[in-house]
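Trainee: Shown below is the structure under consideration.
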Amino acid sequence: SKHCVKLDNRTANLTVKPFELDRGFQFELQVTVSGKKINVSEIPELPIPKDWVRDKLELHFYKTEQAAGGGEIEDVTYTKGSGTAVITFLKPG
């Protein structure tokens, strides 16, 4: 639990202490499917940056490729104030 780190001719003694990570958020989305685009609504306001929400949506719909028809994402347009997003896929499906 104790470490000695050398930085630029200086030595720092460090002690490692455990900490708890905040738990993730779980929520339901309403989805409308149309060719290459999916309209997602009722995205709750979360205390995380807008870019993180967009990345999480992209990852979720990309990962569903094997299970339920997701695939490679061309674009994710997320509007934080309205709680909506449009996910555009590279190929219709």
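Trainee: Mind checking which lysines have their Cα closer than 19 Å to the Cα of Lys2? Skip sequence neighbours fewer than 8 apart in that chain.
Mentor: Once the sequence-local lysines are set aside, what remains near Lys2 is Lys17.
Trainee: Using r as the Cβ-Cβ distance of Asn13 and Asp51, and R0 as 35 Å, what FRET efficiency do you calculate, to the nearest 0.05?
Mentor: That pair, Asn13 with Asp51, gives E of 0.40.
Trainee: Oh, and also: Determine the alpha carbon to alpha carbon distance for each of Lys50/Lys91; Lys36/Lys80; Lys63/Lys91; Lys36/Lys63 and list only those over 20 Å.
Mentor: Among Lys50/Lys91; Lys36/Lys80; Lys63/Lys91; Lys36/Lys63, the Cα-Cα distance tops 20 Å for Lys50/Lys91; Lys36/Lys80.
Trainee: For Gln30 and Thr84 in the same chain, what is the full-extension length gain: residue separation times 0.36 nm, less their Cα-Cα distance, in nm?
Mentor: Between Gln30 and Thr84, full extension yields 18.5 nm more.
Trainee: In nm, to one decimal, how far is the Val5 label point from the Lys37 one, both placed 7 Å along Cα→Cβ?
Mentor: 4.8 nm
Trainee: Given the C-alpha atoms of the stretch 37-89, compute the convex hull and give its volume per residue in Å³.
Mentor: Each residue corresponds to 70 Å³ of Cα convex hull volume.
No lab work stands behind these numbers, since they all come straight from the coordinates. Given the structure is predicted, the values throughout are model-derived calculations rather than measurements. Note: ideal-geometry Cβ built from the backbone for every residue, glycine included; neighbour counts use all protein chains shown.
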